[in-house]
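Reviewing the structure listed below.
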Amino acid sequence: TALMPAYATNMRMKFPIVALALEIITIILFAVFVVYDDGKGHGHGHDAHSNKTHPEPAQPMELYPMFQDVHVMIFIGFGFLMTFLKRYGFSSVGVNLLLAAFGLQWGLLMQGLWHLEDGKIKVNILKIINADFSTATVLISFGAVLGKTSPVQLLIMTIMEITIFSINEHLVANVLEANDVGASMIIHAFGAYFGLAVARVLYRPGLKNGHDNDGSVYHSDLFAMIGTVFLWMFWPSFNSAIAEPGFTQLTAVINTYLSLAACVLSAYAISSLVEHRGKLDMVHIQNATLAGGVAVGTCADMNIGPFGAMLIGLVAGIVSTLGFKYLTPILASKLGIQDTCGVHNLHGMPGILGGLAGIVAVALGKKKGGDAAMQAAALASSLGFALVGGVVTGLIMKLPFWGQPPDQNCYDDSIYWEHEESLAHADHSKNKAEV
Amino acid sequence: TALMPAYATNMRMKFPIVALALEIITIILFAVFVVYDDGKGHGHGHDAHSNKTHPEPAQPMELYPMFQDVHVMIFIGFGFLMTFLKRYGFSSVGVNLLLAAFGLQWGLLMQGLWHLEDGKIKVNILKIINADFSTATVLISFGAVLGKTSPVQLLIMTIMEITIFSINEHLVANVLEANDVGASMIIHAFGAYFGLAVARVLYRPGLKNGHDNDGSVYHSDLFAMIGTVFLWMFWPSFNSAIAEPGFTQLTAVINTYLSLAACVLSAYAISSLVEHRGKLDMVHIQNATLAGGVAVGTCADMNIGPFGAMLIGLVAGIVSTLGFKYLTPILASKLGIQDTCGVHNLHGMPGILGGLAGIVAVALGKKKGGDAAMQAAALASSLGFALVGGVVTGLIMKLPFWGQPPDQNCYDDSIYWEHEESLAHADHSKNKAEV
Amino acid sequence: TALMPAYATNMRMKFPIVALALEIITIILFAVFVVYDDGKGHGHGHDAHSNKTHPEPAQPMELYPMFQDVHVMIFIGFGFLMTFLKRYGFSSVGVNLLLAAFGLQWGLLMQGLWHLEDGKIKVNILKIINADFSTATVLISFGAVLGKTSPVQLLIMTIMEITIFSINEHLVANVLEANDVGASMIIHAFGAYFGLAVARVLYRPGLKNGHDNDGSVYHSDLFAMIGTVFLWMFWPSFNSAIAEPGFTQLTAVINTYLSLAACVLSAYAISSLVEHRGKLDMVHIQNATLAGGVAVGTCADMNIGPFGAMLIGLVAGIVSTLGFKYLTPILASKLGIQDTCGVHNLHGMPGILGGLAGIVAVALGKKKGGDAAMQAAALASSLGFALVGGVVTGLIMKLPFWGQPPDQNCYDDSIYWEHEESLAHADHSKNKAEV
């Protein structure tokens, strides 16, 4: 045991106990609170409309294809997007699965508690879409601290963040009655600034000059493109899943489809403009091409016109790419915010842009019944909950007994994953096995 | 030709002749028996309900999104799950495609023969879902013998296994009238024990001490995670595709979604508990996280409660992970069952667990009209057909002229795939090309 | 700057300016011409049926799952299919995203201009499916010139090809009133021969003896299989997306499903037959297995019988595999057509086969109201527009200021992508990082 460093030994009991305890507590809470939806409740519409009854017969599986698109974004999209690091692919896709699998259970409870029917949470497709959504906040924050945190720390972040998210979501949707159909504010901006606050609290001066493993190799960048492209393709489902059925939902699909398409062109153009010799940078392509989906979120179901959606996407692609190039290094060096995946550029700034676009669009009367002041309050609320919640969560995560990796083992799967033998073996058989 | 070993030469005529002959025979059988569904038959419900007529107008495409989810599980899910081997990725995803493409045609015939209408098999979406299902049994068995069999042997296994599966399926669904909506018994347990019986008959003493190529490299494990995550995400579709439409189908989705989520937590926890220094093992994450989908299959459309589904998932994750760690080595060393992918842990034990859970759930009245004795008979029938069918099939596959690989060429694509030049080339250009 | 070769410097301003200018012009055109569909137009059926009004209430999201399948084919399918080259994965999936994202916007305009309602293009799901379709032509042609063209050249090709495609599509569907539901003629044959004509004009004698980077490595072939399998799985959606709803659409799904399944068997059989020692060749598996989807396209919604679809698939798999083996080298050496991906074998010949099968099927009365002469005219028109359009486009692309790569830098991402540091880094950390 002299050969085993303390940090590794620590995981042995801590992680299994935390994971099993959380799951068992969750199952008990489900036994008390959760039942199947039987179609006899108050309706199956969007949360914001849950007070009105639907006269038409319920079609419980109507949203299921949308749900599966969102599901793919959460598990393949976010999971593989983060596999760009050369030595951290197992953790990226594996811990993504762990956090999302726990998070969706916790999200079902936290979101459901605000909408009890006869003291019960009645699960249906809309609720599991929203549960998947709630995990997105955690996966965004995960991107900010990727490579520098242990699975135990991240499970703690999952509980904290989803709980706080559910409070803010309730405030925004039900108290302020603000519009945020694609969740630019309550998921993207919230998740990004929550994660950045956590990253600030967990600042590691030892990584100030970079880390050998904080980079990609050729094939890790291709794995990441699987995540990018699935996110890009299914984003129209993300932004329209809980929209009002019919032509409003169609509007949300079309706005998102067009915003993303325009965003690709501007992200590629700016990437080429700012890189040496006009080349493209994979980091920009993997991330900034998605900013149009984030930024059009709040306005997705509004009557902003197809060209309006494209303008939002165009601006988002520019802002996001410039952020990766110029802002992320400054955040790290000046503010002590080490944002591994650059979530500030993909979710943070485009999320705020989405919120601002929503304020303008509502002020211009693009959404019946909208109120620009409430939109602004929703943005402020999301940012406030994110920053305060992130700092508190970061302080808890900073406690020294959660198995966090030492600086030299950051961005390295081998600290939490058993594959030394595989590595040794592969080195041995390199000439024949590796290509 | 002195340089060409006999086993390789053998493939040249055998494989093309077998493959083309099978396809031509199949096309002739289709010409005789298969027509499009025109909506004028006896109804389009689940097999077990095919006697009642549906008064409502048929919607022939209603199940299509479900079909596509299942299709992805069969071709991407199973195909990539098996790419974890460092030198056997072409065969895993390529032969998976071959077997499934032939199997679905054969399955359409074998399943359809039990339900002829006017002497014809009327193809519709439900039938092609069931055809895809029938191939799953073969792909599960493929996992048990992966790396140790030739494409010709595997085509033979496909014909035999799907034929036997279709008999057992008919017995279970139409004679015993047992419930198995997610096919824990008739697909998962059946496919696993069929494959294990084949593996036993094809036992290779020469591989007793392992094989250099029977392991993964870093990126092969990431390719396998593509398979894992797609299986995990779309499993709710697998378990609900042929459920009764409406709220019963919704129940099947929710039970599977929750069982899988709980299973992830227990699989991760137990993996960390049993591995050195509390680390996670990729083999467990790739496989045991899916056991919850298998185990909740039989009960998926029953009123077991969301927490009941989660309990089943929790137990399945534990059983499966422990199986990989402790049981698989014993099966190999004591019983001569060399189970390459550990299908006993992912499909075998969780399939039996699912069958047992179904017996208990039906006994507790969780399914209207169910009969616990018939559930037990269905489980026994599935295991019996699997073991006897597997032994017979294994004996046929053992005949010495099907091009099976010698021990030293097991787990190696280069015996059946043309890529030496590519390899040579890559070695040459290693310094620039490989990262 | 003495160290920067001229070709690379050239990209710096050209690409950003071209990309941004195109996007801004497109947004202006959208502002003038494009509005959301509000359901008050002349109906939402297939173009060919757009004159009849639909009495039933519009369901604007009905085709959305189909659209998402097509979307996956365009962005994952085509994108990853082309990642087989060992050093060109970034360009394959990245430039695929760029061209498709721009192409769908341009396609929406070009296709929509033929069907203005009150001077406007009303976007709905059918229109974005067709916009995605229009990009497929470009992505097919991209395969012919892969590795030998710059992003600027390819953007030019996108504008030209989609414009010409839209004219031919209008002619075939609305003037000739020919049937081509799965677009064997107007997309596959058109895209292939357009690309081959461009490739001919851009003939590079310097690549006559091959190129070090014009080949695959083990894992690049696995990435390509992601593309292959997604294309294979979702092809039934491609061929049925715009079919008449109901049983006709079901027919298109079943014909495509069965044609593809039969095609797999014949592609594998012929691959083994023609390769050394009966082995399988990854190039054939990645491509020829899909020829059945192409070839059944025109007939997909016709009453050709399930076995008829299988026969078409069987023949397509044979023709395509033989083409890869024997015809592609001849085209390169004798005709100066260097077809990087072999699109002639996957899209060209199977597309013509599909067109011919359509003529025969219509002549045999398998499609109500069809006219064999019009089918033949449609095939001729598609080939004519493709060849003439491709030559003109190739001449424009050949102008010397579009940043095209010199011969020695062909098939190499590093000319357009910033990843030298990553490569240098990876070489440095090879022993630990690469497996």
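The values are calculated or read from the model by the stated rules, or taken from the named source; none is laboratory data. What you are looking at is a predicted structure, and each value in this text was computed from that prediction instead of being measured. When we count neighbours, we look across all protein chains shown, and the Cβ atoms used for this are built from the backbone with ideal geometry, even at glycine.
Could you list, in sequence order, all residues of segment A:237-253 that are part of a helix (DSSP H, G or I), more than 8 Å from chain C (Cβ to nearest Cβ) and under 19 Å from the mean Cα position of the chain (by Cα)?
Once the filter is applied, which keeps residues that are part of a helix (DSSP H, G or I), more than 8 Å from chain C (Cβ to nearest Cβ) and under 19 Å from the mean Cα position of the chain (by Cα), segment A:237-253 yields A:PHE238, A:ASN239, A:SER240.
Take segment A:174-196 and flag every residue that is buried (at least 22 other Cβ atoms within 10 Å of the Cβ), over 15 Å from the mean Cα position of the chain (by Cα) and either assigned to a helix (DSSP H, G or I) or not small (Gly, Ala, Ser) (or both).
Across segment A:174-196, the qualifying residues are A:ASN179, A:ASP180, A:VAL181.
With in contact (Cβ under 8 Å) with a residue 60 or more places away in the chain and in a loop (DSSP other than H, G, I, E, B) as the only criterion, which of C:GLY293, C:GLY297 stands out?
Testing whether each residue is in contact (Cβ under 8 Å) with a residue 60 or more places away in the chain and in a loop (DSSP other than H, G, I, E, B) leaves just C:GLY297.
For (1) modelled with pLDDT under 95; (2) under 16 Å from C:PHE401 (Cβ atoms), each residue gets a yes or a no:
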| residue | (1), (2) |
| --- | --- |
| C:MET4 | yes, no |
| C:LYS14 | yes, yes |
| C:VAL18 | no, yes |
| C:GLU23 | no, no |
| C:ILE27 | no, no |
| C:VAL34 | no, no |
| C:ASP38 | yes, no |
| C:ASP47 | yes, no |
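Please state which one of A:ILE285, A:ILE254 is under 16 Å from C:ILE27 (Cβ atoms) and in contact with a helix residue (DSSP H, G or I) (Cβ under 7 Å, 6 or more places away or on another chain).
Exactly one residue qualifies, and that residue is A:ILE254.
Restricting to segment B:354-387, what's the tally of residues that are free of Cβ contacts under 8 Å to residues at least 40 places away in the same chain and β-branched (Val, Ile, Thr)?
Number of matching residues: 2.
Out of C:CYS341, C:CYS299, I need the residue that is buried (at least 24 other Cβ atoms within 10 Å of the Cβ) and either closer than 16 Å to C:ARG200 by Cβ or at pLDDT below 95 (or both). Which one?
C:CYS341
Can you pull out the residues in segment B:175-211 that are free of Cβ contacts under 8 Å to residues at least 60 places away in the same chain and within 14 Å of chain A (Cβ to nearest Cβ)?
B:GLY210
Assess whether A:GLN286 counts as being facing chain C (nearest Cβ under 7 Å), out of contact with any Gly (no Cβ under 7 Å at 6 or more places or on another chain), assigned to a helix (DSSP H, G or I) and among the polar types (S, T, N, Q).
no
Of all residues in segment B:378-399, which are within 25 Å of B:VAL319 (Cα to Cα), aliphatic (A, V, I, L, M) and buried (at least 18 other Cβ atoms within 10 Å of the Cβ)?
Residues satisfying the conditions are B:ALA378, B:LEU379, B:LEU383, B:ALA386.
I'd like to check something: does segment A:254-277 contain any residue that is surrounded by fewer than 24 Cβ atoms within 10 Å (Cβ to Cβ), outside any helix (DSSP H, G or I) and more than 10 Å from chain C (Cβ to nearest Cβ)?
The answer is no, given that none of the residues of segment A:254-277 is surrounded by fewer than 24 Cβ atoms within 10 Å (Cβ to Cβ), outside any helix (DSSP H, G or I) and more than 10 Å from chain C (Cβ to nearest Cβ).
Results for (1) within 30 Å of C:GLY369 (Cβ to Cβ); (2) in contact with a Ser or Thr (Cβ under 8 Å, 6 or more places away or on another chain), shown as yes or no for each residue.
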| position | (1), (2) |
| --- | --- |
| C:VAL175 | yes, no |
| C:PRO205 | no, no |
| C:LYS208 | no, yes |
| C:GLY215 | no, yes |
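Restricting to segment C:49-77, name every residue that is hydroxyl-bearing (Ser, Thr, Tyr) and at pLDDT below 50.
C:SER50, C:THR53 - these are the residues of segment C:49-77 that are hydroxyl-bearing (Ser, Thr, Tyr) and at pLDDT below 50.
Being closer than 23 Å to A:VAL198 by Cα, modelled with pLDDT of 95 or more and surrounded by 19 or more Cβ atoms within 10 Å (Cβ to Cβ), is that true of even one residue in segment A:355-373?
yes
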